[in-house]
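Q: For reference, the structure I am asking about is given below.
The values are calculated or read from the model by the stated rules, or taken from the named source; none is laboratory data. Values in this document were obtained by computation on a predicted structure and should not be read as measured data. Ideal geometry is used to build each Cβ from the backbone, glycine not excepted, and the neighbour counts take in all protein chains shown. Side chains are part of the model used for accessible areas, which takes the heavy atoms of the whole protein and leaves out ligands, DNA and RNA. Shrake-Rupley method; radii C 1.70, N 1.55, O 1.52, S 1.80 Å.
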Amino acid sequence: MPEPMHAVSPLATDIPAGLDVDSIVATVRESGVSAPAEEEAGLSAAVDRAEEHGIDLSIVIVSTDPRHDSQLRDLATAVGAREGGTVLVLSPGQVGTFSDSISRVTLEAGQDRTYTGNHIVAADNFVDTLVEDETPWGLLTGGLVVVVAAVAALTAVVKARRYRTRATTPENADHGSVEH
């Protein structure tokens with residue numbers, strides 16, 4: 001039986017072939033966007049809008065779909081590891097994300113809104129998800145507590161009235177005054 005292999009380092013990331021991560025990081029460092037020139041302005045607007053909400057966003061456009069969508073997440077992770085913040089990587093039909101401050105659940109909700117066929121619309125949709133107000137759970141919980149307390153108080157009032165009504169009816173009044 002062969003001996004098991006023990007990993008001494010994490011598994012290597014699988015970046016799409018033909019991409020130079022150093023070049024992408026350098027471009028993102030300058031403008032927040034690594035994309036074809038015709039898309040830079042629209043994508044930069046999405047980066048600026050995210051920044052207005054305190055989100056450090058970088059956007060990378062890959063011209064072709066990799067063989068696995070996880071490769072885009074690996075690319076986003078590689079860029080994010082060097083630059084920090086949140087990274088959105090888009091190809092024609094796939095998406096990958098990384099963030100050091102936003103939950104995976106929120107990132108994936110944003111990813112779900114990026115499959116539009118247009119990188120600028122996709123980036124705007126992604127930013128919309130990141131900046132939209134979340135459900136006000138505190139307010140909803142407080143309202144529910146108030147409703148439950150009101151129902152409990154109303155129930156107590158109704159029971160008290162019923163008890164007083166029963167105690168003062170003539171048939172119940174005679175039973176309570178029997179002398180021995």
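Q: Can you pull out the residues in region 132-173 that are in a helix (DSSP H, G or I), of a type in the set (S, T, N, Q) and at pLDDT below 80?
A: 168, 172
Q: With within 26 Å of the chain's Cα centre (by Cα), open to solvent by less than 30 Å² (accessible area, probe 1.4 Å) and more than 15 Å from residue 77 (Cα to Cα) as the only criterion, which of 35, 45 stands out?
A: 35
Q: Determine whether residue 70 is under 20 Å from residue 102 (Cβ atoms), of a type in the set (Ser, Thr, Tyr) and modelled with pLDDT under 95.
A: For residue 70, the condition - under 20 Å from residue 102 (Cβ atoms), of a type in the set (Ser, Thr, Tyr) and modelled with pLDDT under 95 - is met.
The rows are residues; the columns are (1) surrounded by fewer than 12 Cβ atoms within 10 Å (Cβ to Cβ); (2) among the aliphatic types (A, V, I, L, M); (3) more than 16 Å from residue 59 (Cα to Cα); (4) in contact with a Ser or Thr (Cβ under 7 Å, 6 or more places away or on another chain).
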| site | (1), (2), (3), (4) |
| --- | --- |
| 74 | no, no, no, yes |
| 79 | no, yes, no, yes |
| 84 | no, no, no, no |
| 93 | yes, no, no, no |
| 99 | no, no, no, yes |
| 122 | no, yes, no, yes |
| 126 | no, no, no, yes |
| 143 | yes, no, yes, no |
| 150 | yes, yes, yes, no |
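Q: Moving to a separate point now. Answer yes or no as to whether residue 80 is on the phi > 0 side of the Ramachandran plot and of a type outside the set (Val, Ile, Thr).
A: The answer is no for residue 80.
Q: Give the residues of region 61-72 that are open to solvent by less than 50 Å² (accessible area, probe 1.4 Å) and within 18 Å of residue 35 (Cβ to Cβ), sorted by residue number.
A: Answer for region 61-72, where residues must be open to solvent by less than 50 Å² (accessible area, probe 1.4 Å) and within 18 Å of residue 35 (Cβ to Cβ): 61, 62, 66, 71, 72.
Q: Let me ask something else. Which members of region 101-120 meet the condition of being hydrophobic (A, V, I, L, M, F, W, C) and either under 17 Å from residue 43 (Cβ atoms) or surrounded by 13 or more Cβ atoms within 10 Å (Cβ to Cβ) (or both)?
A: Passing the criteria: 102, 107, 109, 120.
Q: If you don't mind, there's one more thing I want to ask. State yes or no: is residue 129 at pLDDT below 90, more than 17 Å from residue 77 (Cβ to Cβ) and not hydrophobic (A, V, I, L, M, F, W, C)?
A: The answer is no for residue 129.
Q: Still on this structure, please answer the following. On the given criteria, is residue 96 without any contact (Cβ under 8 Å) to a residue 40 or more places away in the chain, touching a Leu at 6+ places or on another chain (Cβ under 6 Å) and not aromatic (Phe, Trp, Tyr)?
A: Yes, satisfied.
Q: Also, quick follow-up: Out of region 56-107, which residues are among the charged types (D, E, K, R) and part of a loop (DSSP other than H, G, I, E, B)?
A: 56, 65, 67, 69, 100
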